[in-house]
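K.L.:
Provided herewith is a single structure, encoded as structure tokens, for subsequent inquiry.
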Amino acid sequence: MEILKDFEFDFDAGLLMRKLKIAEGSEDETEFKELVNKALSIANPKAIYLEGFVESMADDSVVINGVKFTSLTLRKNLENTERVFAYIATCGAELNSVKFDQYEFLKEYWWDTIKGYFLEIARNKLMGYIKKRYMLNKTATMAPGGGEAGIWHIEQQKQLFALFGDVEKLIGVRLTETYLMIPNKSVSGILFPTERDYSGCKLCRRKNCPGRSAEFDEELWNSIGIEAALKLKEKRR
Ligand code: SF4
């Protein structure tokens with residue numbers, strides 16, 4: 001297990017201003033830059049990862065480092081893999097501890113966007129670090145609750161966190177009763193080497209999603225047998 005923090009990075013405030021449609025020279029720019037300076041003075045995005053080894057597989061489950069994960073898609077994705085990397089990355093509890101007055105909606109929205117930027121720093125540094133250190137070529141990731149419902153249930157965050165132990169003590173991230181992560185700008189999942197192009201969006205039928213990064217792939221959906229697995233699960237209830 002390894003914790004990554006104190007990253008070196010360049011902060012592109014202009015990029016965020018364009019994203020948030022904040023005009024240069026405006027009062028909003030002054031206020032936004034005050035927030036950026038505040039964030040830069042306290043931010044410490046972090047990430048943690050560990051090497052996991054696939055110990056056994058059943059129909060729709062896989063055991064990694066003694067922890068059982070239930071997901072047909074995960075099992076299929078790991079079919080030819082022995083080693084995976086479980087990870088959690090976060091903008092950091094420092095940024096999350098900043099509170100705004102109830103009427104400061106806009107500032108709160110900007111702050112959340114800034115937190116998202118720091119999360120991306122942590123995530124990108126982590127992915128780059130793992131790929132370099134373990135000399136990985138093509139990789140993909142899966143996360144509990146990611147993509148369409150039923151692909152990998154969000155409740156399995158509990159198992160993912162169990163691989164690490166006390167994640168809050170380690171990097172300041174905790175799970176709520178509904179398995180959401182605090183800080184909200186945190187991500188978790190399993191990174192695995194793969195030969196094929198995999199992305200959760202390829203197995204998601206949601207229409208008009210602004211975050212979509214790949215088209216729904218019916219062939220992939222059928223090859224994994226998700227429809228049949230979902231029907232079987234429904235029948236067992
Ligand atoms: S299409 Fe949207 S909801 Fe579906 S997996 Fe991609 S980003 Fe998530």
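K.L.:
In whole Hz and in residue order, list the ³J(HN,Hα) couplings for segment 9-20 that follow from phi through the Karplus curve 6.51 cos²θ - 1.76 cosθ + 1.60, θ = phi - 60°; x for Gly and Pro.
P.N.:
Once rounded to whole Hz, the list reads 7, 9, 9, 9, 5, x, 4, 5, 4, 5, 4, 8.
K.L.:
So how far apart, in nm, are the two label points at SER26 and GLU227 if each is 7 Å from Cα heading toward Cβ?
P.N.:
Placing both labels 7 Å beyond Cα along the Cβ direction yields 4.8 nm.
K.L.:
Right, something else. Could you pull out the pairs from LYS99/LYS207; LYS46/LYS131; LYS46/LYS132; LYS99/LYS131 whose alpha carbons sit more than 28 Å apart here?
P.N.:
On the way: LYS99/LYS207 34 Å; LYS46/LYS131 17 Å; LYS46/LYS132 18 Å; LYS99/LYS131 36 Å.
In this structure, LYS99/LYS207; LYS99/LYS131 exceed 28 Å between Cα atoms.
K.L.:
On to the next question. What's the whole-number percent of alpha carbon pairs in segment 16-114 lying beyond 19 angstrom?
P.N.:
60
K.L.:
With a point put 7 Å past each Cα toward its Cβ, work out how far LYS131 is from PHE53 in nm, to one decimal.
P.N.:
Roughly 2.6 nm, to one decimal.
K.L.:
Another question, if that's okay. Taking only C-alpha pairs under 8 Å that are 6+ residues apart, what is the relative contact order of the chain in percent? It would help to have the intermediate numbers written out before the result.
P.N.:
Working: 352 pairs, mean separation 49.7, N = 237.
Dividing the mean separation by the residue count of the chain yields 21 percent.
K.L.:
Give me the extension gain from ASN37 to VAL98: residue separation times 0.36 nm, minus the current Cα-Cα distance, reported in nm with one decimal.
P.N.:
Length gained between ASN37 and VAL98: 20.6 nm.
K.L.:
Hey, another quick one. Please give the length that would be gained between LYS19 and ARG212 if that part of the chain were fully extended, namely 0.36 nm times their separation in residues minus their C-alpha to C-alpha distance (nm, one decimal).
P.N.:
Difference between extended and current length: 67.7 nm.
K.L.:
Relative to the Cα centre, what is the charge dipole magnitude of segment 2-194, using +1 at the beta carbon of each Lys and Arg, -1 at the beta carbon of each Asp and Glu, and rounding to the nearest 20 debye? The partial results should precede the final answer.
P.N.:
Numbers: 24 positive and 28 negative charges, 119 e Å.
In debye, rounded to 20, segment 2-194 gives about 560.
K.L.:
On to the next question. Please give the peptides 89-95, 7-13, 100-106 ranked by average Cβ packing (other Cβ atoms within 10 Å per residue), highest first, as a rough proxy for protection. Kindly include the intermediate steps, with their values, before the conclusion.
P.N.:
Working: 89-95: 24.4, 7-13: 12.4, 100-106: 10.4.
Averaged packing, sorted descending, gives the order 89-95, 7-13, 100-106.
K.L.:
For the peptides 202-215, 43-56, what is the packing order when you average, over each peptide's residues, the other Cβ atoms within 10 Å and list the highest mean first?
P.N.:
43-56, 202-215
K.L.:
Considering the dipole of the chain built from charges on the beta carbon (Lys and Arg +1, Asp and Glu -1) around the Cα centre, which of ALA13, ALA162, ILE42 is farthest to its positive end?
P.N.:
Checked the options; the winner is ALA162.
K.L.:
For a quick check, take a GNM of the chain with Cα springs below 10 Å and name the residue from GLY147, GLY172, GLY14 with the largest mean-square fluctuation.
P.N.:
Comparing GLY147, GLY172, GLY14 in the GNM, the peak value goes to GLY14.
K.L.:
Restricting to DSSP H runs of at least four residues, report the calculated mean residue ellipticity at 222 nm for the chain, -39500 (n - 2.57) per run over all residues, nearest 500 deg cm²/dmol. Walk me through the numbers on the way to the answer.
P.N.:
Working: 9 runs with 93 residues, N = 237.
About -11500 deg cm²/dmol.
K.L.:
Applying 1/(1 + (r/R0)^6) with R0 = 45 Å to the Cβ-Cβ distance of ARG196 and ARG174, what FRET efficiency is obtained, to the nearest 0.05? Walk me through the numbers on the way to the answer.
P.N.:
Numbers: r = 34 Å, r/R0 = 0.76.
Result of the calculation: an efficiency of 0.85.
K.L.:
How much space per residue, in cubic angstrom, does the convex hull of the C-alpha atoms of segment 105-237 take up?
P.N.:
About 158 Å³ per residue, rounded to a whole number.
K.L.:
Still on this structure, please answer the following. Mind jotting down the three principal axis lengths of segment 2-194 based on Cα atoms? Whole angstrom, largest first.
P.N.:
The Cα atoms of segment 2-194 stretch 59, 36, 30 Å along the principal axes, largest first.
K.L.:
May I ask you to list the aspartates and glutamates whose Cα is less than 14 Å away from that of LYS68, ignoring any residue fewer than eight positions away on the same chain?
P.N.:
GLU55, ASP59, ASP60, GLU155
K.L.:
Efficiency by 1/(1 + (r/R0)^6): what FRET value for HIS153 and LYS5, r their Cβ-Cβ distance, R0 = 30 Å, to the nearest 0.05?
P.N.:
Numbers: r = 30 Å, r/R0 = 1.00.
After rounding to 0.05, the efficiency reads 0.50.
Values in this text are rule-based calculations from the coordinates and carry no lab data. Everything numeric in this text was worked out from a predicted model, so none of it was measured. Every residue, glycine among them, receives a Cβ derived from its backbone with ideal geometry; neighbour counts consider all protein chains shown.
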